[in-house]
Structure formats: structure tokens, C-alpha cells
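The values are calculated or read from the model by the stated rules, or taken from the named source; none is laboratory data. Note that the structure is a prediction, hence the values are computed from the model and not measured. In this analysis, Cβ positions are derived from the backbone assuming ideal geometry, glycine residues included, and neighbour counts consider all displayed protein chains. All accessible areas refer to the heavy atoms of the entire protein, side chains included, with ligands and DNA or RNA removed. Shrake-Rupley method; radii C 1.70, N 1.55, O 1.52, S 1.80 Å.
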Amino acid sequence: MLDAVVVGAGPNGLTAAVELARRGFSVAVFEARGTVGGGSRTEELTLPGFRHDPCAAAHPLAINSPAFRALPLERYGLEWLHAELPMAHPFPDGTAAVLSRSVGETAASLGPRDAGTYRRLVEPFLPKWDTLVRDFMSLPLTALPRDPVTLARFGLVGLPPSTLLMRRFRDEPAKALFAGLVAHVMAPLGGFATGAIGLVFALSAHARGWPVPRGGSQAISDALAAHLRDLGGSVHTDYEVKRLDDLPPARAYVFDTSPTALARIAGFGDHYAGYRYGPGAFKIDYALDGPVPWTAKEARVAGTVQVGANRAEIGTALRAASREGRAPDKPFMITVQPSVVDPTRAPAGKHVFWAYGHVPHGWTGDLTDAIERQLERFAPGFRDRVLARATAGPPELAARNANYVGGDIASGAVSGLQLLLRPKLTLFPYHTPHPAVFICSSATPPGPGVHGMSGHNAAKAVWKRLRQT
Ligand SMILES: Cc1cc2nc3c(=O)[nH]c(=O)nc-3n(C[C@H](O)[C@H](O)[C@H](O)COP(=O)(O)OP(=O)(O)OC[C@H]3O[C@@H](n4cnc5c(N)ncnc54)[C@H](O)[C@@H]3O)c2cc1C
């Protein structure tokens with residue numbers, strides 16, 4: 001009998017498996033797709049030689065993750081590449097706010113009236129970032145905070161809605177940049193604790209940047225899987241689990257799946273019926289004939305580019321998708337251009353480019369035209385550079401990965417208490433009604449993103465149980 005079986009080889013499933021194998025437990029992973037990685041994969045989606053990330057591409061959370069930093073992933077080929085700027089937020093007049101590694105450069109790009117406010121917001125947390133991120137990502141209560149005072153101060157600033165925090169800023173560049181940071185997790189700007197989301201992304205950039213892995217996000221997953229094999233674990237792909245009986249006997253089962261799928265597979269009835277899913281994404285992967293012709297020079301050297309003219313436009317786009325059930329006319333977009341820094345991603349002189357906007361849950365329309373009209377405002381001539389595109393709306397995203405229910409790439413709404421307490425209001429989020437069954441996906445704290453911390457936290461719950469029995 002195995003000690004643990006993990007269902008799903010996303011970043012959280014693989015991290016949970018590695019953490020258990022490192023402690024001497026026998027582990028096997030079963031993955032529905034033909035390759036490991038879940039939301040951290042790389043594929044030739046368009047033309048030969050163009051290597052796209054169908055899901056995650058930029059990695060502020062991975063490089064800052066306490067779980068990943070404790071693993072020898074570089075030994076298994078993971079190499080971080082940093083663009084000149086982690087992120088730029090261009091405006092239609094050709095100027096841009098930037099999120100730089102340097103607090104000073106970032107503050108200066110926000111204009112004289114907001115530079116000091118920005119410094120006062122982020123500087124107190126930076127010296128304590130490593131402890132803060134560990135405490136923040138281990139919530140709720142899977143470990144006592146190491147620095148409760150800093151965590152409490154962070155909570156005072158971050159727990160109110162981001163709209164309140166943005167009132168500290170006087171001018172549009174700072175407001176738009178911060179609103180865009182909150183929108184990375186598809187959260188409504190006025191929601192509880194959304195200030196914390198914006199702050200985490202800003203602090204991540206100053207602490208370690210927003211890099212891309214050489215060769216694409218698959219490198220993170222391949223490194224985790226290779227480390228797992230070296231530790232004696234096994235990985236079985238093309239193996240979709242539909243019932244618990246599909247799995248070999250084990251002392252513990254750990255699910256890197258949506259709560260809905262887990263309830264179906266393990267027969268938990270309506271245990272997770274109260275779990276809410278959020279809006280969907282419409283994603284386009286582009287093969288380009290050259291770099292994106294951004295008007296703002298800062299955007300040309302940034303790994304990630306946020307596209308939204310101002311805070312109001314970003315808020316309108318988020319509201320349309322999350323509250324009004326319609327696709328936005330001017331979508332707010334996160335875009336990533338990995339080949340600015342990684343020539344292995346496309347043939348010489350060509351580029352891969354990635355963009356997504358928010359749409360209602362389960363939306364079946366086509367956002368391509370709205371996305372490209374929006375891009376043309378900030379990068380005139382963009383359409384002329386397109387060699388090929390691969391589009392994926394909510395149905396396609398859900399078909400690629402069962403965890404993205406209705407196209408919700410956060411595997412559950414990041415709003416209300418569910419932002420922090422997911423998948424249920426409980427102090428033991430990784431436990432389920434069955435004592436041998438656990439959940440470790442991004443539907444558990446600390447939520448979406450490639451960081452492995454849900455897997456890391458869940459593994460602690462699993463090994464405590466295994467040692468007891
Ligand atoms: C378009 C898009 C862009 C994103 N951009 C970023 C980004 O830039 N940076 C970032 O940090 N995050 C990003 N994310 C989010 C990130 O990809 C996810 O939050 C992260 O992958 C979640 O990890 P996970 O291990 O919880 O689940 P997943 O990565 O979703 O992995 C779950 C795995 O379980 C498998 N599985 C599910 N059900 C079964 C079953 N029944 N049997 C067997 N296997 C099963 C799936 O096939 C999948 O491989 C993005 C996501 C998307 C979709």
C-alpha cells in the first residue's frame with residue numbers, strides 16, 4: 001500500500017507530492033492530461049517553434065514562494081529570466097507607470113504627487129518580506145505567524161477594499177497601476193482584502209521580480225516532477241480519476257482538483273455546495289512576426305504589461321464580467337511577452353505573446369476583436385504583426401483543465417471571505433469529510449497562482465495524519 005496518492009499534477013499537486021516524498025513517504029501522482037503541469041505548462045499552440053504558455057506565464061508568486069525556494073529546482077533545470085522591468089502599465093498618450101525592482105523608479109513613474117505615498121506604502125514591509133510572505137501564504141492558522149506584528153500591520157493596510165487604499169493616491173498612473181494589480185486575481189476592486197492582493201504583487205516585484213522560466217512555465221513543473229522521481233515518487237499521466245476506486249490503495253488521497261470534482265469523485269454530496277466560482281477568462285496566445293509595437297517605450301522592455309486606460313475603465317471591465325454578466329467593450333488585460341527576455345520561445349526575430357481579459361462565468365462568445373481593438377490603442381500596428389493566434393474562452397479553458405470551472409482560472413471566486421477562507425469556512429481547509437482524503441488545489445489557501453503553497457500546506461496536514469496512524 002502506498003502512503004499517499006495525489007490526483008492532479010498541477011503546481012500544488014506536484015509540490016504536495018514532493019513534500020511527502022522528501023519526508024520518506026511513498027507517493028504516486030495521477031494526472032488526467034498527457035503531460036504534467038496543469039496551469040504551469042508550455043506547448044506549441046500556434047506554429048512550429050513558437051512555445052506558448054497556455055496558462056501561467058509570469059511568476060512573481062513562484063519566485064517568492066517559500067515552498068519553491070526550499071526545493072532544489074534549479075538543479076532540475078529551472079532558470080529564472082528577468083526582463084528589464086517586471087511590469088509596465090502604458091497609457092493611451094504614450095506614457096507609462098512601471099513596477100520596477102527599484103521602489104524609487106516605480107515611485108518616480110507615478111508622478112511627484114504620489115511618489116512619496118507609494119514609498120510609504122511599500123517600504124515598511126520590504127525588510128520583512130520573507131517572513132511576511134511565509135505568514136501570509138500559510139494562513140489560515142496552519143502555522144502560527146512568525147512575525148504577528150508585521151502581519152497585523154499588513155492586515156490593517158490590506159484587509160480593507162483596494163478602492164479605499166487607492167484613495168491615498170491623487171493621480172491616475174498610481175490608481176490605474178494598483179487597480180491592475182488587484183485585477184490579476186479577477187477580484188472586484190471594492191472587495192474585502194483586495195488591498196492585500198495589490199500589495200503582494202507590488203512587494204513581490206521589489207523583492208525578487210516577476211520572472212519567466214527559461215523555456216516556459218513547463219520548466220517549473222518538469223523540475224518538480226524530476227525532483228519527485230529522484231525522491232522515489234512516480235507520475236502517471238493520461239489517467240483521469242473519476243472515482244476513488246480508480247486509484248490504488250493508499251493511506252491518504254490528496255486532490256489537486258476543484259472542490260466540485262472532489263465531491264463527485266469521493267461521494268461527498270453537497271459538502272462543497274456553498275463554494276462559489278468566479279468570472280471566466282478569454283485568453284489568446286499569439287505568434288508574432290516581431291515584438292509588440294507598444295507606443296510606450298517602458299512597455300517594450302517589460303515582461304508583463306497591464307492594459308487598461310485608467311482606473312475607471314479597469315473597474316468597468318471587471319464589473320461587467322463579474323457582476324453584470326456581459327463581456328466588457330474595453331477589456332482590462334494582463335499580457336505577457338516572454339520572448340522579450342527568452343529567445344528560445346520563438347524562431348529568430350519572432351515572438352510569442354499572451355493576453356487575457358475577463359468575461360462572465362461560462363461565457364461562450366468571442367472576445368478576440370475587443371482584445372485586439374484594445375491592444376491597437378496602446379500598440380498601433382499590433383494586428384499586422386500577428387502570424388497566428390490560438391484563442392480559448394471559458395469552455396476551452398475548462399476543457400483543457402477541469403479545475404477551471406466555467407473558465408474561472410482562479411478555481412473559485414476570489415471575493416468576500418472566500419478570498420482567504422476557501423473552500424469552506426473552516427480552520428482545516430485541507431481536510432475533507434473523509435479522514436484519509438485531502439484537498440490541495442488553488443481552491444484552498446493561499447489561493448490561485450503558481451506558488452505550490454496550497455500543496456505545501458496540505459502536505460503538512462497529510463503527514464501529521466500519516467504519522468498519527
Ligand atoms: C490563462 C491563465 C493564466 C494564468 N496566469 C498566471 C500567471 O501568469 N501567474 C501565475 O502565478 N498564475 C497564473 N494562472 C493561475 C495558475 O495557473 C493556477 O492558479 C495554478 O496552476 C493552480 O495550480 P493547481 O496545482 O492548484 O491546479 P492546476 O494547475 O489547475 O492543476 C490541476 C491538475 O489536476 C489535473 N486534474 C484535474 N482533475 C483531475 C482528475 N479527475 N484526474 C486526474 N487529474 C486531474 C488537471 O489536469 C491539472 O493538471 C493562470 C491561469 C490561467 C488559466
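Please state which one of V157, V149, V182 is of a type in the set (A, V, I, L, M), part of a helix (DSSP H, G or I) and in contact with a Ser or Thr (Cβ under 7 Å, 6 or more places away or on another chain).
On the way: V157 fails: in contact with a Ser or Thr (Cβ under 7 Å, 6 or more places away or on another chain); V149 fails: in contact with a Ser or Thr (Cβ under 7 Å, 6 or more places away or on another chain).
Going through V157, V149, V182 in turn, just one is of a type in the set (A, V, I, L, M), part of a helix (DSSP H, G or I) and in contact with a Ser or Thr (Cβ under 7 Å, 6 or more places away or on another chain): V182.
Scanning the stretch 269-298 for residues that are closer than 14 Å to W354 by Cα and not in a loop (DSSP other than H, G, I, E, B) yields a total of 8. Apart from one condition, Y277 fits all of (1) within 16 Å of the ligand (Cβ to nearest atom); (2) open to solvent by less than 40 Å² (accessible area, probe 1.4 Å); the exception is (2). Summed over the stretch 249-264, the residues that are within 14 Å of the ligand (Cβ to nearest atom) and either under 25 Å from Q468 (Cβ atoms) or open to solvent by less than 80 Å² (accessible area, probe 1.4 Å) (or both) give a count of 11.
Scanning the stretch 26-44 for residues that are surrounded by 20 or more Cβ atoms within 10 Å (Cβ to Cβ), in contact with a His (Cβ under 9 Å, 6 or more places away or on another chain) and within 28 Å of P211 (Cα to Cα) yields a total of 4. Output the residue which, of all residues in the stretch 329-379 that are over 18 Å from W294 (Cα atoms) and among the hydrophobic types (A, V, I, L, M, F, W, C), is farthest from the chain's Cα centre (by Cα). Step by step, filter the stretch 329-379, then rank; the result is A348.
Checked against (1) within 15 Å of the ligand (Cβ to nearest atom); (2) of a type outside the set (D, E); (3) surrounded by fewer than 24 Cβ atoms within 10 Å (Cβ to Cβ), R23 meets all criteria but (1).
Quick one: would you say P338 is open to solvent by 10 Å² or more (accessible area, probe 1.4 Å) and in contact (Cβ under 8 Å) with a residue 24 or more places away in the chain? Answer is no for this residue. Scanning the stretch 361-386 for residues that are open to solvent by 80 Å² or more (accessible area, probe 1.4 Å), touching a Pro at 6+ places or on another chain (Cβ under 6 Å) and assigned to a helix (DSSP H, G or I) yields one hit, R377. For L121, indicate whether it is at pLDDT below 95, more than 19 Å from the chain's Cα centre (by Cα) and among the hydrophobic types (A, V, I, L, M, F, W, C). In short, no.
If only residues of the stretch 431-469 that are hydroxyl-bearing (S, T, Y) and surrounded by fewer than 24 Cβ atoms within 10 Å (Cβ to Cβ) are counted, the one that is nearest to the ligand (Cβ to nearest atom) is T432. Among the residues of the stretch 316-346, the ones that are in contact with a Gly (Cβ under 8 Å, 6 or more places away or on another chain) and part of a helix (DSSP H, G or I) come to 7 in all. On inspection, Y239 fails the criterion of being outside any helix (DSSP H, G or I), open to solvent by less than 10 Å² (accessible area, probe 1.4 Å), out of contact with any His (no Cβ under 7 Å at 6 or more places or on another chain) and not hydrophobic (A, V, I, L, M, F, W, C). Every test in (1) within 11 Å of the ligand (Cβ to nearest atom); (2) open to solvent by less than 30 Å² (accessible area, probe 1.4 Å); (3) touching a strand residue (DSSP E or B) at 6+ places or on another chain (Cβ under 6 Å) is passed by G406 save one, and that test is (1).
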